[in-house]
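I have a structure here, written as structure tokens, and I will follow up with some questions on it.
The values are calculated or read from the model by the stated rules, or taken from the named source; none is laboratory data. Since this is a predicted model, take the numbers as computed values, not measurements. All Cβ positions, even for glycine, are placed from backbone atoms using ideal geometry, and neighbour counts span all protein chains on display.
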Amino acid sequence: MLRIALVYSFITVIHCVCGPPKLPYGMLKSEYTNQETYPAGSKVQFVCIPGYVRIPGTVNTLFCFDNSKWAPEPDVFCKRRTCVNPGDIENGYFEAEDFLFGSRITYHCNKGFIMISKKDFRECLADGSWSNAAPVCEATICPPPFPIRNGTFHPLKDEYTYLDSVRYSCDDPKKFLNGEGSIYCNQNGSWSSPPPECVAAYCKEPTLINGYITGTPTSFHDTLEKGYNVGDTIQMKCNTLYSLKGDDKITCGSDFMWRPAVPICEKYFGCSSPVISNGQVILKNNKEYIPEIDGHAFANGDKIQIMCDPGFIMKEGETSVCDYKYTKVRYIWTPDLPVCVPAKN
């Protein structure tokens with residue numbers, strides 16, 4: 001009898017319990033969250049987390065069984081909530097992958113319209129609504145065209161919208177437009193080009209730094225500026241110790257621009273370009289001298305040959321060499337450049 005009693009004294013009663021169920025996108029109702037374990041036979045219910053809804057056909061009740069497992073086995077009970085299609089906005093449209101919770105749709109305005117709202121997007125919220133108000137697109141409006149001096153533009157309107165254009169003209173027929181004569185209103189609310197200027201129909205006197213111009217201006221314009229008419233040709237020369245880079249003769253073109261381009265005077269350690277009145281350089285280092293190709297620079301040791309114009313004869317030698325004189329610390333032509341004098345009959 002004693003042996004039987006000892007055997008019974010060592011029998012332990014095991015109570016089966018379940019831990020909190022793990023629910024994808026779900027959570028227990030508040031009345032089931034105040035305990036860490038659940039005895040066999042317990043029942044719990046759950047709801048979906050914000051932004052999710054229960055999948056039709058699924059149950060929201062679980063039972064703890066003697067094997068310490070929940071049944072039915074927790075699976076995917078919840079899915080992302082769907083927001084209603086917000087529809088396009090007036091004068092615009094949107095782009096989106098879906099309308100599910102957390103998704104974002106982006107709005108765009110049609111051409112000719114510009115968005116005035118701070119946000120160009122909306123997000124699907126947990127309650128199935130869309131964040132913030134739908135953006136607003138208004139017609140693109142450009143500021144009034146800039147007026148120009150001595151000119152005007154047409155048409156005159158109270159408001160200029162996308163693709164509206166204006167055309168400028170000069171009041172004085174002796175002036176022409178420098179710049180775009182016609183401009184239009186861009187998508188971003190700005191004009192396609194700066195306004196043109198009404199400028200006098202002549203070539204302005206060019207600026208030659210470290211040089212000078214030979215050729216008298218045809219006339220003075222606005223009593224201030226020297227000007228040259230179309231076809232006028234001037235010659236450019238550089239000061240001592242400077243060499244001309246470019247053509248020495250330029251002509252006022254029909255577009256009131258100098259052709260070729262205005263040259264520049266560069267610092268050069270050599271002889272200055274020879275100036276032969278009534279004559280010209282024909283050879284440089286025993287080869288034909290072409291200023292447009294050979295330039296106007298002459299280095300130490302360069303030899304030139306001069307020829308006088310018809311009706312003139314050479315006084316002294318016809319050749320000269322660019323030479324550096326250490327005693328004078330400068331380059332000079334040796335012997336002195338020849339002189340062309342009128343021929344005697």
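It is to be established whether one or more residues within the range 298-313 are over 23 Å from GLY246 (Cα atoms) and at pLDDT below 90.
Taking every residue of the range 298-313 in turn, none turns out to be over 23 Å from GLY246 (Cα atoms) and at pLDDT below 90.
Could we say that VAL281 is hydrophobic (A, V, I, L, M, F, W, C), within 21 Å of CYS203 (Cβ to Cβ) and either surrounded by 13 or more Cβ atoms within 10 Å (Cβ to Cβ) or not assigned by TED's automatic domain parsing to the domain that holds ASN178 (or both) here? Reasoning before the result, please.
Numbers: hydrophobic (A, V, I, L, M, F, W, C): yes; within 21 Å of CYS203 (Cβ to Cβ): no; either surrounded by 13 or more Cβ atoms within 10 Å (Cβ to Cβ) or not assigned by TED's automatic domain parsing to the domain that holds ASN178 (or both): yes.
The answer is no for VAL281.
Among the residues of the range 316-334, is there at least one that is in contact with a Lys or Arg (Cβ under 6 Å, 6 or more places away or on another chain) and either closer than 21 Å to LEU208 by Cβ or aromatic (Phe, Trp, Tyr) (or both)?
No.
Filter the range 196-240 down to the residues that are part of a strand (DSSP E or B), out of contact with any Asp or Glu (no Cβ under 8 Å at 6 or more places or on another chain) and among the aromatic types (Phe, Trp, Tyr), then identify the one that is modelled with the highest pLDDT.
Among those that are part of a strand (DSSP E or B), out of contact with any Asp or Glu (no Cβ under 8 Å at 6 or more places or on another chain) and among the aromatic types (Phe, Trp, Tyr), it is TYR212.
Could you list, in sequence order, all residues of the range 117-144 that are touching a residue at least 40 places away in the same chain (Cβ under 8 Å) and not in a loop (DSSP other than H, G, I, E, B)?
Residues satisfying the conditions are CYS124, TRP130, CYS137, GLU138, ALA139, ILE141, CYS142.
Continuing with the same structure: If LYS249 satisfies all but one of (1) under 30 Å from VAL199 (Cα atoms); (2) touching a Lys or Arg at 6+ places or on another chain (Cβ under 9 Å), what's the number of the condition it fails?
(2)
Do the conditions hold for LYS157, that is, is it over 28 Å from the mean Cα position of the chain (by Cα), among the basic types (Lys, Arg) and more than 30 Å from CYS265 (Cα to Cα)? Steps first, please.
Working: over 28 Å from the mean Cα position of the chain (by Cα): yes; among the basic types (Lys, Arg): yes; more than 30 Å from CYS265 (Cα to Cα): yes.
When the stated conditions are applied, LYS157 passes them.
If only one of SER320, SER273 is at pLDDT 90 or above and either surrounded by 12 or more Cβ atoms within 10 Å (Cβ to Cβ) or not assigned by TED's automatic domain parsing to the domain that holds SER243 (or both), which one is it?
Values: SER273 fails: at pLDDT 90 or above.
Unique residue meeting the criteria: SER320.
Right, next: If we only count strands (runs of 3 or more DSSP E) wholly inside the range 244-345, which ones have 2 or more residues that are over 47 Å from the mean Cα position of the chain (by Cα)? Talk me through it step by step, then tell me what you get.
Numbers: elements: 249-252, 264-267, 279-284, 303-308, 312-315, 319-325, 330-334, 339-342.
Counting at least 2 such residues, we get 279-284, 303-308, 312-315, 319-325, 330-334, 339-342.
Identify, please: which residue in the range 150-165 is among the hydrophobic types (A, V, I, L, M, F, W, C) and in a loop (DSSP other than H, G, I, E, B) and is, among those, surrounded by the fewest Cβ atoms within 10 Å (Cβ to Cβ)? Explain how you work it out, then say what you get.
So in the range 150-165, the residues among the hydrophobic types (A, V, I, L, M, F, W, C) come out as 153, 156, 163.
Of the ones still in play, those that are also in a loop (DSSP other than H, G, I, E, B) are 156, 163.
Values: LEU156: 9, LEU163: 14.
Across the range 150-165, the extreme among qualifying residues is LEU156.
May I pose another question? Looking at this structure, is PRO147 in the same structural domain as ALA96 (by TED's automatic domain parsing) and outside any strand (DSSP E or B)?
Working: in the same structural domain as ALA96 (by TED's automatic domain parsing): no; outside any strand (DSSP E or B): yes.
No; evaluated as a whole, the condition is false for this residue.
For (1) modelled with pLDDT under 95; (2) among the aromatic types (Phe, Trp, Tyr); (3) out of contact with any strand residue (DSSP E or B) (no Cβ under 6 Å at 6 or more places or on another chain), each residue gets a yes or a no:
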residue: GLY102; (1), (2), (3): yes, no, yes
residue: THR106; (1), (2), (3): no, no, no
residue: PHE113; (1), (2), (3): yes, yes, no
residue: LYS119; (1), (2), (3): yes, no, yes
residue: ARG122; (1), (2), (3): no, no, no
residue: ASP127; (1), (2), (3): yes, no, yes
residue: TRP130; (1), (2), (3): no, yes, no
residue: ALA134; (1), (2), (3): yes, no, yes
residue: ALA139; (1), (2), (3): yes, no, no
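Continuing with this model, one more query. Looking only at the range 60-89, filter to residues that are under 21 Å from ARG122 (Cα atoms) and in contact with a strand residue (DSSP E or B) (Cβ under 7 Å, 6 or more places away or on another chain); which one of those is surrounded by the most Cβ atoms within 10 Å (Cβ to Cβ)?
Of the residues in the range 60-89, the ones under 21 Å from ARG122 (Cα atoms) are 79-89.
Those left that are additionally in contact with a strand residue (DSSP E or B) (Cβ under 7 Å, 6 or more places away or on another chain): 79-83, 86, 88-89.
Working: LYS79: 17, ARG80: 18, ARG81: 19, THR82: 14, CYS83: 22, PRO86: 16, ASP88: 13, ILE89: 19.
The residue in question is CYS83.
Looking only at the range 52-91, how many residues end up being free of Cβ contacts under 8 Å to residues at least 24 places away in the same chain and in a strand (DSSP E or B)?
3
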